[in-house]
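The values are calculated or read from the model by the stated rules, or taken from the named source; none is laboratory data. Because the structure is predicted, anything quoted here is derived from the model rather than measured. Cβ placement follows ideal geometry from the backbone for every residue including glycine, while neighbour counts extend to all protein chains displayed. In case anyone asks, the SASA skips ligands and DNA or RNA and just uses the protein heavy atoms, side chains included. Shrake-Rupley method; radii C 1.70, N 1.55, O 1.52, S 1.80 Å.
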Amino acid sequence: MRRLQGPSIAIRLSSQMEAHRLTRGVASAASEPASHAAARRGLDLLGATTLLVLLSPLLFVLAVAIRLNSRGPAFFRQRRVGRDGREFTVLKFRSMRVDADPRGHREYVTALIQGERCDGGRENLYKLAVDDRVTTVGRWIRRWSLDELPQLLNVVGGDMALVGPRPAIPYEVAEYPTWYLQRFAVKPGLTGLWQVSGRSERTYEEMVRLDIEYTQTRTLLGDLSILAKTPWVVVGRKGAE
(Lines give C-alpha, C1' and ligand atoms only; values in the text may rest on other atoms or scores of the structure.)
Protein backbone atom coordinates (compact mmCIF):
# COMPACT_ATOMS: atom_id res chain seq x y z
CA MET A 1 0.00 0.00 0.00
CA ARG A 2 1.41 3.37 -1.01
CA ARG A 3 1.49 6.15 1.57
CA LEU A 4 0.94 9.75 0.59
CA GLN A 5 3.04 11.74 3.03
CA GLY A 6 4.48 15.20 3.06
CA PRO A 7 3.33 18.81 3.27
CA SER A 8 1.35 18.96 0.04
CA ILE A 9 -1.29 16.27 -0.29
CA ALA A 10 -2.86 18.10 -3.23
CA ILE A 11 0.35 17.92 -5.32
CA ARG A 12 0.89 14.28 -4.50
CA LEU A 13 -2.71 13.36 -5.26
CA SER A 14 -2.55 15.13 -8.61
CA SER A 15 0.66 13.41 -9.68
CA GLN A 16 -0.51 9.99 -8.49
CA MET A 17 -3.86 10.29 -10.29
CA GLU A 18 -2.20 11.37 -13.53
CA ALA A 19 0.54 8.76 -13.37
CA HIS A 20 -1.94 5.95 -12.83
CA ARG A 21 -4.60 7.30 -15.20
CA LEU A 22 -7.15 7.48 -12.40
CA THR A 23 -8.86 10.45 -14.00
CA ARG A 24 -12.25 9.08 -14.98
CA GLY A 25 -13.98 10.68 -12.01
CA VAL A 26 -12.04 13.94 -12.44
CA ALA A 27 -12.90 14.09 -16.12
CA SER A 28 -16.55 13.48 -15.33
CA ALA A 29 -16.61 16.32 -12.80
CA ALA A 30 -14.63 18.68 -15.03
CA SER A 31 -16.90 18.02 -18.03
CA GLU A 32 -20.06 18.96 -16.13
CA PRO A 33 -21.84 21.75 -18.04
CA ALA A 34 -21.34 25.20 -16.56
CA SER A 35 -25.10 25.56 -16.12
CA HIS A 36 -25.21 22.36 -14.05
CA ALA A 37 -22.27 23.47 -11.93
CA ALA A 38 -23.95 26.84 -11.31
CA ALA A 39 -27.23 25.14 -10.43
CA ARG A 40 -25.44 22.80 -8.03
CA ARG A 41 -23.68 25.70 -6.33
CA GLY A 42 -26.96 27.60 -6.16
CA LEU A 43 -28.63 24.62 -4.52
CA ASP A 44 -25.79 24.39 -2.01
CA LEU A 45 -26.01 28.06 -1.09
CA LEU A 46 -29.78 28.15 -0.90
CA GLY A 47 -30.03 24.91 1.05
CA ALA A 48 -27.22 25.66 3.49
CA THR A 49 -28.26 29.24 4.27
CA THR A 50 -31.92 28.22 4.67
CA LEU A 51 -30.99 25.43 7.07
CA LEU A 52 -28.69 27.73 9.05
CA VAL A 53 -31.53 30.21 9.54
CA LEU A 54 -34.16 27.59 10.37
CA LEU A 55 -31.89 25.66 12.71
CA SER A 56 -30.27 28.67 14.40
CA PRO A 57 -32.23 28.18 17.70
CA LEU A 58 -31.15 24.53 17.83
CA LEU A 59 -27.54 25.44 16.99
CA PHE A 60 -27.52 27.97 19.84
CA VAL A 61 -28.94 25.47 22.34
CA LEU A 62 -26.42 22.82 21.30
CA ALA A 63 -23.51 25.26 21.60
CA VAL A 64 -24.59 26.24 25.13
CA ALA A 65 -25.11 22.60 26.16
CA ILE A 66 -21.64 21.65 24.96
CA ARG A 67 -20.02 24.53 26.84
CA LEU A 68 -21.91 23.68 30.05
CA ASN A 69 -21.18 19.96 29.82
CA SER A 70 -17.40 20.12 29.52
CA ARG A 71 -14.48 22.52 29.49
CA GLY A 72 -13.60 23.96 26.10
CA PRO A 73 -15.14 25.63 23.04
CA ALA A 74 -18.44 24.60 21.48
CA PHE A 75 -16.86 24.03 18.07
CA PHE A 76 -14.18 21.64 16.89
CA ARG A 77 -11.93 22.44 13.93
CA GLN A 78 -10.01 19.82 12.01
CA ARG A 79 -8.06 19.71 8.76
CA ARG A 80 -9.69 17.57 6.08
CA VAL A 81 -8.89 16.70 2.47
CA GLY A 82 -11.30 18.04 -0.14
CA ARG A 83 -11.62 18.26 -3.89
CA ASP A 84 -8.38 17.61 -5.82
CA GLY A 85 -6.63 16.88 -2.53
CA ARG A 86 -6.82 20.46 -1.25
CA GLU A 87 -6.93 20.68 2.52
CA PHE A 88 -9.44 22.84 4.37
CA THR A 89 -10.66 23.29 7.94
CA VAL A 90 -13.91 21.52 8.71
CA LEU A 91 -16.18 22.83 11.47
CA LYS A 92 -18.13 20.55 13.79
CA PHE A 93 -19.70 20.70 17.22
CA ARG A 94 -17.17 19.44 19.75
CA SER A 95 -18.16 15.99 21.01
CA MET A 96 -14.92 15.08 22.83
CA ARG A 97 -12.85 16.39 25.69
CA VAL A 98 -10.40 19.08 24.66
CA ASP A 99 -7.48 16.87 25.75
CA ALA A 100 -8.62 13.89 23.66
CA ASP A 101 -5.76 11.86 22.18
CA PRO A 102 -6.37 11.17 18.45
CA ARG A 103 -3.97 8.23 18.27
CA GLY A 104 -6.59 5.59 19.11
CA HIS A 105 -8.88 6.73 16.30
CA ARG A 106 -5.96 6.99 13.89
CA GLU A 107 -4.94 3.39 14.58
CA TYR A 108 -8.56 2.26 14.28
CA VAL A 109 -9.13 3.96 10.92
CA THR A 110 -5.79 2.69 9.62
CA ALA A 111 -6.88 -0.85 10.49
CA LEU A 112 -10.19 -0.31 8.68
CA ILE A 113 -8.44 0.88 5.52
CA GLN A 114 -6.12 -2.11 5.63
CA GLY A 115 -9.13 -4.42 5.85
CA GLU A 116 -8.68 -5.61 9.41
CA ARG A 117 -11.79 -6.61 11.38
CA CYS A 118 -12.86 -3.89 13.80
CA ASP A 119 -16.62 -4.50 13.96
CA GLY A 120 -16.68 -5.46 17.59
CA GLY A 121 -15.46 -2.08 18.74
CA ARG A 122 -17.28 0.40 16.59
CA GLU A 123 -20.39 2.50 16.96
CA ASN A 124 -20.39 3.08 13.21
CA LEU A 125 -17.74 2.97 10.48
CA TYR A 126 -15.80 5.91 11.97
CA LYS A 127 -16.82 6.12 15.62
CA LEU A 128 -15.70 3.71 18.30
CA ALA A 129 -18.46 2.24 20.48
CA VAL A 130 -16.30 2.43 23.62
CA ASP A 131 -14.57 5.81 23.57
CA ASP A 132 -14.00 7.60 26.86
CA ARG A 133 -12.92 10.72 24.98
CA VAL A 134 -16.56 11.47 24.15
CA THR A 135 -18.55 13.72 26.49
CA THR A 136 -22.12 13.08 27.65
CA VAL A 137 -23.58 15.71 25.34
CA GLY A 138 -21.16 14.63 22.64
CA ARG A 139 -22.50 11.08 22.64
CA TRP A 140 -26.04 12.38 22.25
CA ILE A 141 -25.30 14.77 19.38
CA ARG A 142 -23.31 12.07 17.60
CA ARG A 143 -26.24 9.67 17.90
CA TRP A 144 -28.40 12.05 15.87
CA SER A 145 -25.55 13.38 13.66
CA LEU A 146 -26.07 16.87 15.10
CA ASP A 147 -22.32 17.35 15.47
CA GLU A 148 -22.16 17.67 11.66
CA LEU A 149 -24.50 20.68 11.39
CA PRO A 150 -21.78 23.38 11.57
CA GLN A 151 -20.45 22.00 8.29
CA LEU A 152 -23.26 23.99 6.69
CA LEU A 153 -20.83 26.92 7.07
CA ASN A 154 -18.25 24.94 5.07
CA VAL A 155 -20.89 24.51 2.36
CA VAL A 156 -21.57 28.26 2.28
CA GLY A 157 -17.82 28.90 2.14
CA GLY A 158 -17.44 26.62 -0.87
CA ASP A 159 -15.14 23.96 0.61
CA MET A 160 -17.96 21.45 0.81
CA ALA A 161 -21.24 20.67 -0.92
CA LEU A 162 -24.53 19.46 0.51
CA VAL A 163 -23.97 16.12 -1.23
CA GLY A 164 -20.62 14.43 -1.85
CA PRO A 165 -18.06 12.00 -0.43
CA ARG A 166 -17.24 12.20 3.25
CA PRO A 167 -14.30 14.62 3.85
CA ALA A 168 -11.26 12.51 4.71
CA ILE A 169 -8.72 13.19 7.45
CA PRO A 170 -5.13 13.63 6.16
CA TYR A 171 -3.85 10.64 8.11
CA GLU A 172 -6.49 8.50 6.39
CA VAL A 173 -5.33 9.67 2.98
CA ALA A 174 -1.74 8.78 3.90
CA GLU A 175 -2.87 5.14 3.99
CA TYR A 176 -4.86 5.14 0.74
CA PRO A 177 -4.13 2.77 -2.12
CA THR A 178 -3.96 4.75 -5.35
CA TRP A 179 -7.41 3.93 -6.70
CA TYR A 180 -9.07 5.48 -3.62
CA LEU A 181 -7.93 8.90 -4.87
CA GLN A 182 -10.80 9.03 -7.36
CA ARG A 183 -13.11 10.06 -4.51
CA PHE A 184 -11.43 13.50 -4.51
CA ALA A 185 -12.81 14.35 -7.96
CA VAL A 186 -15.63 16.40 -6.40
CA LYS A 187 -16.20 18.44 -3.26
CA PRO A 188 -16.85 16.47 -0.08
CA GLY A 189 -20.41 16.59 1.18
CA LEU A 190 -22.47 16.99 4.34
CA THR A 191 -24.34 13.86 3.24
CA GLY A 192 -23.81 11.43 0.41
CA LEU A 193 -24.54 8.12 -1.25
CA TRP A 194 -22.67 6.18 1.44
CA GLN A 195 -24.56 7.90 4.26
CA VAL A 196 -27.95 6.87 2.86
CA SER A 197 -26.81 3.36 1.96
CA GLY A 198 -26.39 1.82 5.40
CA ARG A 199 -23.21 3.56 6.55
CA SER A 200 -22.23 1.29 9.46
CA GLU A 201 -23.18 -1.80 7.47
CA ARG A 202 -20.43 -1.07 4.93
CA THR A 203 -16.73 -1.75 4.99
CA TYR A 204 -14.31 1.09 4.37
CA GLU A 205 -13.66 -0.16 0.84
CA GLU A 206 -17.40 -0.32 0.13
CA MET A 207 -17.72 3.27 1.33
CA VAL A 208 -14.97 4.35 -1.06
CA ARG A 209 -16.59 2.49 -3.95
CA LEU A 210 -19.88 4.27 -3.26
CA ASP A 211 -18.06 7.61 -3.16
CA ILE A 212 -16.38 6.89 -6.50
CA GLU A 213 -19.68 5.73 -7.98
CA TYR A 214 -21.16 9.07 -6.94
CA THR A 215 -18.35 11.10 -8.52
CA GLN A 216 -18.83 9.28 -11.83
CA THR A 217 -22.63 9.28 -12.00
CA ARG A 218 -23.83 12.30 -10.01
CA THR A 219 -26.76 14.36 -11.24
CA LEU A 220 -28.80 17.17 -9.71
CA LEU A 221 -31.80 14.86 -9.50
CA GLY A 222 -29.65 12.27 -7.77
CA ASP A 223 -28.45 14.88 -5.28
CA LEU A 224 -32.04 15.86 -4.51
CA SER A 225 -32.88 12.21 -3.95
CA ILE A 226 -29.99 11.81 -1.49
CA LEU A 227 -31.01 14.99 0.33
CA ALA A 228 -34.59 13.75 0.60
CA LYS A 229 -33.46 10.42 2.07
CA THR A 230 -31.03 11.89 4.60
CA PRO A 231 -33.53 13.09 7.27
CA TRP A 232 -35.24 9.71 7.30
CA VAL A 233 -31.90 7.93 7.64
CA VAL A 234 -30.93 10.18 10.56
CA VAL A 235 -34.29 9.97 12.34
CA GLY A 236 -34.53 6.23 11.77
CA ARG A 237 -30.84 5.88 12.61
CA LYS A 238 -30.55 3.46 9.70
CA GLY A 239 -27.02 2.14 9.61
CA ALA A 240 -26.01 4.47 12.40
CA GLU A 241 -24.96 1.73 14.81
Problem set entry | 1.4 Å probe accessible area per residue over the range 43-92, in Å² | 59 Å²
Exercise. Taking 0.36 nm per intervening residue step and subtracting the Cα-Cα distance, what contour gain separates Val156 from Thr217 on full extension?
Worked result: 19.6 nm
Exercise. At what distance in angstrom do the alpha carbon centres of the range 160-193 and the range 40-57 lie from each other?
Worked result: 22 Å
For this session: Treat each spin label as a single point 7 Å out from the Cα along the C-beta direction, and report the Ala37 to Asp99 distance in nm.
Result: 4.8 nm
For this session: Apply the Karplus parameterisation 6.51 cos²θ - 1.76 cosθ + 1.60, with θ equal to phi minus 60°, to every residue of the range 70-82 and state each ³J(HN,Hα) to the nearest whole Hz, in sequence, with x for glycine and proline.
Result: 7, 5, x, x, 6, 10, 10, 10, 8, 6, 10, 9, x
Seminar exercise, completed: Regression test value, accessible area per residue of the range 129-200, probe 1.4 Å, units Å², expected 28 Å²
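How large, in percent, is the carbon and sulfur part of the accessible surface of the range 138-241 at a probe radius of 1.4 Å? Please report the intermediate quantities before stating the final value.
Numbers: 2280 of 3880 Å².
Here it works out to 59 percent.
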